[in-house]
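Only one structure is covered here, and it is reproduced in the block below.
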Amino acid sequence: MKVWIISVLILIFSLSVLISGCTAQNEVVYDQTVTIPDGQDIEYDLLQGTYKITITSDTDIDILFDTASNYDEKGTKSFSKDVVLNGDTKMTVKNWALIGLGSEAIVQVLVVKNPTN
């Protein structure tokens, strides 16, 4: 009886290790602070998957997704969303100030793939 219980426990432990090894782990894709001159932008390539995206700026910016426009946000200083991409996409962070009349944007970008929340 004890051998049977020990065998079952070993089997359960082995399965839990196997399953946890197969699940996706958090992966920091981008973690940077960038300066974007007025009227310019920076692009980030994102593969299909689930992301937690946090972007902050000292001036209003636009955040645009070329294949997932439902996540677009314009004229914001703060963006924090869970994003599910069904295909590869390009995320653009744009300092939309008028060329020569605006200021540069100091932007912090954190993109985490497979967030565990």
*Are there GluC sites (Glu not before Pro) in segment 31-117 that DSSP marks as loop and that have at most 16 other Cβ atoms within 10 Å, and which are they?*
104
*Compute the accessible area per residue over segment 75-117, keeping the other protein chains in place, probe 1.4 Å, unit Å².*
56 Å²
*With labels modelled as points extended 7 Å from the Cα through the Cβ direction, what inter-label distance (nm, one decimal) is found for residue 81 paired with residue 116?*
2.6 nm
*Within the set of other residues whose C-beta is less than 13 Å from the C-beta of residue 82, count the net charge using Lys and Arg as +1 and Asp and Glu as -1.*
+3
*Which ³J(HN,Hα) values, rounded to whole Hz and listed in residue order, are derived for segment 83-95 from phi using the Karplus coefficients 6.51, -1.76 and 1.60 in 6.51 cos²θ - 1.76 cosθ + 1.60 with θ = phi - 60°, glycine and proline given as x?*
10, 10, 9, 7, x, 4, 8, 10, 9, 10, 10, 10, 8
*So who's got an amide H within less than 5 Å of the one on residue 39, skipping anything under 5 residues away but keeping other chains? H placed 1.01 Å off N, in plane.*
95, 96, 97
_Given R₀ = 22 Å, what would the calculated FRET efficiency be for residue 28 paired with residue 48, taking r from the Cβ atoms and rounding to 0.05?_
0.80
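The values are calculated or read from the model by the stated rules, or taken from the named source; none is laboratory data. All values reported here derive from a predicted model rather than from experimental measurement. All Cβ positions, even for glycine, are placed from backbone atoms using ideal geometry, and neighbour counts span all protein chains on display. Accessible surface areas use protein heavy atoms only, side chains included; no ligands, DNA or RNA. Shrake-Rupley method; radii C 1.70, N 1.55, O 1.52, S 1.80 Å.
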